[in-house]
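Undergrad: My structure is below; once you've seen it, I'll send some questions.
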Amino acid sequence: MSENIINRAVEILRQNDLGDYTVPTHGLYPFQWNWDSCLTALGQSQFDEGRAWREIETLFAHQWDDGMVPHIIFHKEDDGYFPGPEIWATGRPVPTSGITQPPVAGFSVARLAARAKNKALAEEKARLLLPKIQAWHEWFYRCRDPEGTGLVAIIHPWESGRDNSIDWDEAFKRVPTEGVLPFVRRDTQHANPDHRPTQAQYERYVWLVQRFRSLGWDNDKLHDASPFQLVDPGFNGILLRSCNDLADLAEQLGENAIAAASRARVESGVAALEQLWDEGLGQYRCFDRVAGAAVDSASVAGLLAAFAPIPQPRKAAIARRISELANRTRYLVPSHDPADPRFDGLRYWRGPIWLIVNFMIADGLRQGGLSDLAEQIDQSSLDLIGKAGFAEYYDPMTAEPCGGATFTWTAAMVIEILVGLGMEQK
Ligand code: GLC
């Protein structure tokens, strides 16, 4: 049974493989996406390590001079996606978007290196990638934490990777729509519109892009100029985990300066994350930097922070919170608490389950000694696959497959769970 699933997952990765990068799924997402590639490489490495390294190398070949790694690389033309390169107008030789995505590369590269069968190749690739990842991390702290709080902000919901989360609703009221040029959405031609963000949200996404474009994509200006500055505990958790794992890797490679700088970031970031903790809820919450207030929203971002090297009691509290959610849904982990009236089990990041998020939460819980719940989450991921195939995301109550089909990172996570965590026997 699991062998069939692995074979099917490998087949999907191959179908979506364009040689040096993998598209998330044909049609809906025809380019390279940042955190998709880094997580996909984990699955690829289980059957082809060289290909996995190439996936991440290709991404970093398009890093900006200031250190940012863009969220989309438009390797070739395709008018099936909006907004395309002409809307971003970032002026790059190979066009890219002008914003970033959750920095999971440090984690992925460290993991690929740690379990590599081809040690020589791993060392060569890790040595090349290490300073680039470090430059990206430093970019975050320089450009997205200008006041040195220890936590970085995102300036566009697309940066979070959780595009239409309930977390952004209040802040989005501040984002205007005046001056947004007319556009035709392409996503709703590939996927069910009820599973996608609304038109009102799209107008605001585009307004922010136009605003940043008018500032010449100058990252010294964008943070302060954005009416949307959100501190996301999941995003910061991923960054801190990457800093932590990059420090381990740097130490092994004798790159002591990178190791020391990364450790210092982890120390101040983990301490600063405490400000986002909500004791009543038993999880972290987002913070709206413009409003100067915590966001009233119990989303999965506050659970995803378990991926970071946070104190064990925090992980244990998050585990209790997830067990509580398990009483309200059939499958784990919903992207939003179903007790919230704003929850929507079908609409993208407002309720559905995403396997990459499950994987990262389970990994963080395991590191905190909470392996029973981690296994329960893995099992939920596998049950969803068994029931509904390799979808982009799933309804946590009914397992209905949502969004795009034959989805790359979903397939990669299944390989990672079944092979990487040695569950083939089950
Ligand atoms: C959607 C998701 C984002 C992902 C992208 C490609 O925009 O919200 O997280 O990276 O699709 O799969």
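All of the numbers you see were taken from the coordinates with simple rules; none came from a lab. Only a predicted model underlies this, so the values are computations on that prediction, with no experimental measurement involved. Please note: Cβ atoms are built from the backbone with ideal geometry, for glycine as well, and neighbour counts cover all protein chains shown.
Undergrad: From the helices alone, meaning DSSP H stretches of at least four residues, give me the mean residue ellipticity at 222 nm for the chain, per-run term -39500 (n - 2.57), in deg cm²/dmol to the nearest 500. Could the numbers behind the result be given before it?
TA: Working: 18 runs with 205 residues, N = 426.
Per the formula, -14500 deg cm²/dmol.
Undergrad: Could you give each residue of region 218-231 its phi-based ³J(HN,Hα) in whole Hz, using Karplus coefficients 6.51, -1.76, 1.60 with θ = phi - 60°, and x for Gly or Pro?
TA: Computed from phi, the couplings for region 218-231 are 8, 5, 6, 10, 4, 4, 5, 7, 7, x, 10, 10, 10, 9 Hz.
Undergrad: In the Gaussian network model of the chain, springs joining C-alpha atoms below 10 Å, which of GLY280, GLY179, GLY389 carries the largest mean-square fluctuation?
TA: GLY280
Undergrad: Right, here's the next one. Could you tell me how far the Cα centroid of region 284-327 sits from the Cα centroid of region 350-426, in Å?
TA: Using only Cα atoms to place each centre, the spacing works out to 19 Å.
Undergrad: Sticking with this structure for a sec: Any idea what log10 I(q)/I(0) is at q = 0.13 Å⁻¹ for the chain, Debye with uniform C-alpha scatterers and no solvent?
TA: Treating every Cα as an identical point scatterer, log10 I(q)/I(0) equals -1.15.
Undergrad: Assign one of three labels to region 214-253, namely rounded, prolate or oblate, based on the Cα gyration tensor with a ≥ b ≥ c the square roots of its eigenvalues; rounded applies when a/c is under 1.5, prolate when it is not and a/b is larger than b/c, and oblate otherwise. Intermediate results must be reported in sequence, preceding the final value.
TA: Working: a/c = 5.73, a/b = 2.03, b/c = 2.82.
Oblate.
Undergrad: Among rounded, prolate and oblate, which fits region 1-138 when a ≥ b ≥ c are the square roots of the eigenvalues of its C-alpha gyration tensor, a/c under 1.5 means rounded, and a/b larger than b/c means prolate?
TA: Values: a/c = 2.35, a/b = 1.19, b/c = 1.98.
The shape class here is oblate.
Undergrad: On to the next question. Please list 97-107, 298-308, 215-225 highest first by mean number of surrounding beta-carbon atoms within 10 Å per residue. Kindly include the intermediate steps, with their values, before the conclusion.
TA: Numbers: 97-107: 26.5, 298-308: 28.8, 215-225: 15.2.
My ranking of the peptides, most packed first, is 298-308, 97-107, 215-225.
Undergrad: Place the peptides 259-266, 347-354, 397-404 in order of packing, highest mean first, counting for every residue the other Cβ atoms within 10 Å and averaging per peptide.
TA: Values: 259-266: 18.5, 347-354: 25.2, 397-404: 20.0.
Output ranking for 259-266, 347-354, 397-404: 347-354, 397-404, 259-266.
Undergrad: Which of rounded, prolate, oblate describes region 289-417, given a ≥ b ≥ c as roots of the alpha-carbon gyration tensor eigenvalues and a/c under 1.5 marking rounded, otherwise prolate only if a/b is larger than b/c? List each step's numbers first, then the result.
TA: Numbers: a/c = 1.66, a/b = 1.17, b/c = 1.41.
Judged from the Cα gyration tensor, region 289-417 comes out oblate (a/c at least 1.5, b/c at or above a/b).
Undergrad: On to the next question. Loop-only GluC sites (Glu not before Pro) in region 227-335, please: DSSP not H, G, I, E or B, and at most 15 other Cβ atoms within 10 Å.
TA: Here the GluC sites (Glu not before Pro) that fit, given the DSSP loop and packing criteria, are GLU279.
Undergrad: Find how many whole Å separate the alpha carbon centroid of region 71-126 from the alpha carbon centroid of region 184-251.
TA: The distance from the Cα centre of region 184-251 to that of region 71-126 comes to 15 Å.
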